[in-house]
Amino acid sequence: MIFLWLPETKQRTLEELDYIFGVPTRTHMNYQAGKNLPWWFKTYILRRKGLSKPQLYKFGDQRPPVSVTAQMSYAWNTYILRKKGLAKPDAYVRAAPRGEKQV
């Protein structure tokens with residue numbers, strides 16, 4: 001029931017949540033059963049790589065998703081370089097874009 005009726009709201013702004021809950025439940029159910037479930041089955045059960053995840057919501061400022069494998073590889077390589085003393089602890093921290101404050 002949760003898979004079909006409740007949309008994912010993790011790390012969404014209030015404006016995005018307003019848009020997400022503006023989509024009818026029937027549309028969300030059709031997306032989950034018709035597009036997301038087959039993608040999930042092919043990706044995680046049949047182990048097919050390179051399939052792009054279908055998107056129900058289209059936000060204007062959405063960045064392309066970074067794979068979990070890429071994130072883990074980055075974290076592991078950074079850890080190893082720091083352990084060997086080849087990289088400073090803040091070597092991989094990206095500078096904030098202009099106009100943004102750093103906290």
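The values are calculated or read from the model by the stated rules, or taken from the named source; none is laboratory data. Bear in mind that the values here come from a model prediction, so they are computed numbers and not experimental data. Cβ coordinates were reconstructed from backbone atoms using ideal geometry, including for glycine residues, and neighbour counts include every protein chain displayed.
Tabulated data for the structure shown
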| item | result |
| --- | --- |
| Neighbours by Cβ (under 9 Å, 6+ apart or cross-chain): first from the range 67-82, under 28 Å from LYS53 (Cα atoms); second of a type in the set (Val, Ile, Thr) | TYR74/VAL66 |
| Residue in the range 33-50 that is in contact with a Ser or Thr (Cβ under 7 Å, 6 or more places away or on another chain) and among the aliphatic types (A, V, I, L, M) present | no |
| Residue in the range 80-92 that is at pLDDT 80 or above and either hydroxyl-bearing (Ser, Thr, Tyr) or surrounded by 10 or more Cβ atoms within 10 Å (Cβ to Cβ) (or both) present | no |
| Elements of type helices (runs of 4 or more DSSP H) in the range 1-69, at least 2 residues being surrounded by 12 or more Cβ atoms within 10 Å (Cβ to Cβ), in contact with a helix residue (DSSP H, G or I) (Cβ under 9 Å, 6 or more places away or on another chain) and at pLDDT below 85 | none |
